[in-house]
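The values are calculated or read from the model by the stated rules, or taken from the named source; none is laboratory data. Keep in mind the model is a prediction, meaning the values are calculated, not measured. Cβ coordinates were reconstructed from backbone atoms using ideal geometry, including for glycine residues, and neighbour counts include every protein chain displayed.
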Amino acid sequence: MTTVEVDDERVGHVADTGVFVWIGGPQPDRPGPSKFETFKQLAATEGIVFTISQQAHEELTENTDSDYEMRGSFIETAIEDGWVTVAEPLDFTIGPVSTVLNRAEQLITQRDKHHQTAADARADASLLAIATQLIETEQTDQCIIYTTDKAQSETAMDLLGERYDDRIVVEYCVPHLDNGIAVEEFRRLWRE
């Protein structure tokens, strides 16, 4: 494995739908900052923008589940505020992008039977393809993938770790999101 010197400004931060489902939106009736507000402040302090896939954006804004719809309005707020962005469409002329997307979809489906539909597995696999595209097009030197899905996390480590060594970092975020967001603990995910 090679170690890559990384400029903080050349690190991509790619997050799955689950991260935003876990953080929810602002909760004005709750004492103290909500997970959403804490995450927003963390992004602002660190100067990072989380990239989500077009599928994640659709899941969070167009899903008929009322709980998702509530969160979707906050994703739009996060996008307007500039700390979340929706990824450009995948460019399948970049060979590794389609290879990673197809292989990741297969592995995720094999690893987790909850991905019963092709759309579910494709949405999770797209996050890995986005990270691949960011590196292959030299938009980033390193890409950190934030996920709440074990099958997606394991697949990213196996598939992308093998291809890109430490240029890909995979963070399974459930322990960090479960009981609130510990800012210092979360900061260490990209500051170690």
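The set of residues in segment 48-91 being under 17 Å from ILE144 (Cα atoms) and either hydrophobic (A, V, I, L, M, F, W, C) or modelled with pLDDT of 95 or more (or both) consists of ILE48, VAL49, PHE50, THR51, ILE52, ALA56, TRP83, VAL84, THR85, VAL86, ALA87. Just one of the listed residues (ARG103, ARG188) is surrounded by fewer than 22 Cβ atoms within 10 Å (Cβ to Cβ), charged (D, E, K, R), modelled with pLDDT under 90 and in a helix (DSSP H, G or I), and it is ARG188.
Scanning segment 123-172 for residues that are assigned to a loop (DSSP other than H, G, I, E, B), more than 16 Å from ILE48 (Cβ to Cβ) and modelled with pLDDT of 90 or more yields THR137, GLU138.
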